[in-house]
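The structure appears below as structure tokens.
Each reported figure results from applying straightforward, stated rules to the coordinates on display, with no laboratory input. On a predicted model such as this, the values are computed, not experimentally measured, just so you know. Here the Cβ positions follow ideal geometry from the backbone for every residue, glycine too, while neighbour counts run over all protein chains shown.
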Amino acid sequence: MSSFFSYLITGISLGSIYALIALGYTMVYGIAKMLNFAHGDVIMIGGYIVFTAVSTLGWSSGLGIFGAIFCGILGCLLLGVLVEKVAYKPLRNAPSLAVLITAIGVSYLLQNIALLIFGSNPKNFSSVVMFDGFSIGKVRISGETVVTIAVSVLIMIGLTLFVNHTKSGMAMLAVSEDKGAAQLMGVNVNRTISLTFAIGSALAGVASILLCSTYPLLSPYTGAMPGIKAFTAAVFGGIGSIPGAMIGGVILGVIESLSKAYISSQFSDAIVFGVLIIVLLVKPTGIMGKKLNEKV
Amino acid sequence: MLKVEDLQVYYGMINAIKGVSFEVNEGEVVALIGANGAGKTTILHTVTGLVAAKSGHVYLEGRDLCKLPAHKIVYLGMAHVPEGRRIFQQLTVYDNLRLGAFSLKDKAKIESNINYVFKHFPRLLERKNQIAGTLSGGEQQMLAMGRALMSNPKIILMDEPSMGLSPLLVAEIFKIISEVSKDGTTVLLVEQNAKKALSIADRAYVLETGKIVMEGKASDLLNDPRIKAAYLGE
């Protein structure tokens, strides 16, 4: 029984990371109506920024760690906004397939930049979590797990409040529904899209630090699999829906962790994607997917 | 107040608006009438910047709007109730109204505008917390109008406010348009329902395939035999 709880908590922690990444996918999809497949690679870049700060520059204690975390998040944020400006904005009125292919191109570009600078050998990321964790009975909970879950819960509460109770958040909701009508209200669509990329990428930055602290091997392909899983989580929860991404991420993480523990570690990914297929067969819009009950 | 000069609009190769000029003076209700596809909606979209003009000018109180992005227009005091209402279906009635006041900063002003809207549209007050997509067609039209009024416009453009509504609701909507006009807001009304539009307008322009073919006082147009034959079904 105690091992079950320990797998469950590992799953929730992993799922929280998926949820943070999934938020970036789902918010960008909701507002710019595009799938930003470079999102996973932003995570990898964030990991390398923090790795460079901590291991190469030696910011490994006290304030240095906070500096490294700050640089990692800021770096992801700027990268996300830059990618949007350079690669996606010129394609605002292009067919969605062109945007999708561009996103895949950006994804490879980022991977190759990392490959060029850091080489293909995985780096050993040293955890930025300074807290040892604790035990409840026989269940050992690591510091990384505690911090991951706590940070994710805080971010999700903060993001929900931001979207529903601030002017910029309302602007995001308006743009996601009708760009033209939002403009008539005085909403600057381009700025709202930039803001969405900034928030999504900053969340990817947070996710990268949590992910690399928990799973410390960092390579140019580190972002790819979590990126795909988080995308799955976003679809699972209902793409475009913020609570959907949160719930989808956590459920996915738990399914993955439990199937690794009880069924087969090799099959766990197949099981995760299998569940996605079943959910989509039953409810094509995902768990929290928006169903439109329009009246004419 | 609003002056449109020699406006030309193209959709690809198609010349949708062929040199239209008209003007709306302060305090007036001006109707733009015409059949389906005459270009009425295109003109409104060009005026508020959602569609770019090929040539020509749109002046609001002397300021050329053609160079401005659409989201700046509302700050100059012009609101647009778009065709098909285009309310934010997934947000509540109240949030839709708050978005209507996006261009305002003063909280007290926003509050008084909300009260103004609820006074004219008591139905919206009853459904304040309801998701807008679940409202009836008439209520959605009221919400679209209320949302536009939230920005304190000097001039309001309304695109087919009577579309798809029952005669009773059409009468109610037109009554509210008259009230809004009496409160000092200038109105540019685009309508297929020529009879109703002409009955509340001061002046009107008749649009046919991208050109203005007639203009004059609304009461004169109502009695014009050509208008009667083509638009009033008499």
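Any chance you could get the radius of gyration and Dmax over the Cα atoms of chain A, in Å?
My reading of the Cα-based Rg and Dmax gives 19.0, 63 Å.
Treat segment B:132-181 as a sphere of radius equal to its Kirkwood radius over Cα pairs and apply Stokes-Einstein at 37 °C in a medium of 0.692 mPa s; give the translational diffusion coefficient in µm²/s, rounded to a whole number.
Translational D for this selection: 289 µm²/s.
Any chance you could list the semi-axes, whole Å, largest first, of the equivalent ellipsoid that the Cα gyration tensor gives for segment A:170-296, using √(5λ)?
Semi-axes from the Cα gyration tensor: 32, 21, 9 Å.
If you wrap a convex hull around the alpha carbons of segment B:50-125, what volume per residue comes out, as a whole number of Å³?
Cα convex hull per residue, to the nearest whole number: 129 Å³.
What percent antiparallel are the DSSP beta bridges of chain B, to the nearest 5?
In chain B, approximately 55 percent of DSSP beta bridges are antiparallel ones.
With just the Cα atoms defining each centre, how far is segment A:178-235 from segment B:94-156? Give it in Å.
Answer, in whole Å: 33.
Considering only DSSP beta bridges whose two residues both sit in the protein assembly as shown, what percent are antiparallel, to the nearest 5?
Looking only at bridges with both residues in the protein assembly as shown, the antiparallel portion is about 60 percent.
Label A:Ser265 and A:Leu8 with points 7 Å out from Cα along Cα→Cβ: what is the distance between them in nm?
2.3 nm
Scan segment B:14-123 for GluC sites (Glu not before Pro) in coil per DSSP, keeping those whose Cβ has at most 15 other Cβ atoms within 10 Å, and list them by number.
Those that pass, being in a loop and sparsely packed, are B:Glu26, B:Glu61.
Per residue Cα convex hull volume for chain B, in cubic angstrom?
Dividing the Cα hull volume of chain B by its residue count gives 119 Å³.
Relative to the compact globular guide of 2.2 N^0.38 Å, what is the alpha carbon radius of gyration of the protein assembly as shown, as a ratio?
The protein assembly as shown yields a ratio of 1.17.
Which chymotrypsin sites (Phe, Trp or Tyr not before Pro) from segment A:118-202 combine a DSSP loop assignment with at most 12 other Cβ atoms within 10 Å?
Those satisfying the criteria are A:Phe131.
How many angstrom lie between the C-alpha centres of segment B:1-79 and segment A:48-98?
Taking the Cα centre of segment A:48-98 as reference, the centre of segment B:1-79 is 43 Å away.
Among A:Pro216, A:Pro95, A:Pro226, which one shows the biggest mean-square fluctuation in a GNM of chain A, springs joining Cα atoms closer than 10 Å?
A:Pro95
Which whole-number percent is the relative contact order of chain A (Cα, under 8 Å, 6+ apart)?
For chain A, the relative contact order is 36 percent.
Which residue, B:Ala171, B:Ala108, B:Ala16, has the most motion in a Gaussian network model of chain B that connects Cα atoms within less than 10 Å?
B:Ala108
Given the options B:Ile43, B:Ile176, B:Ile17, which has the most mean-square fluctuation in a GNM of chain B, springs set between C-alpha atoms less than 10 angstrom apart?
B:Ile176
To the nearest µm²/s, what D does Stokes-Einstein give for segment A:1-146 at 37 °C and 0.692 mPa s, using the Kirkwood radius over alpha carbon pairs as Rh?
188 µm²/s
Between A:Ile136 and A:Tyr221, take the C-beta separation as r, use R0 = 51 Å, and let me know the FRET efficiency to the nearest 0.05.
Calculated transfer efficiency: 0.90.
Filter the DSSP H helices in chain A by two things, a Kyte-Doolittle mean of at least -0.5 and an axial alpha-carbon span of 24 angstrom or more, and list the hits by number.
Those that pass (Cα extent of 24 Å or more, hydropathy at least -0.5) are A:2-32, A:63-83, A:96-118, A:143-165, A:189-214, A:242-262.
Before rounding to the nearest 500, sum -39500 (n - 2.57) across all DSSP H runs of length at least 4 in chain B and divide by the residue total; then give [θ] at 222 nm in deg cm²/dmol.
For chain B, the value works out to -10000 deg cm²/dmol.
With n ≥ 4 as the cut-off for DSSP H runs, can you work out [θ] at 222 nm for chain A, using -39500 (n - 2.57) per run divided by the number of residues, rounded to the nearest 500?
Mean residue ellipticity at 222 nm (helix-derived): -23500 deg cm²/dmol.
I want to check a number: in segment A:2-223, how many lysine pairs have alpha carbons closer than 17 Å, given a sequence separation of 8 or more or different chains?
5
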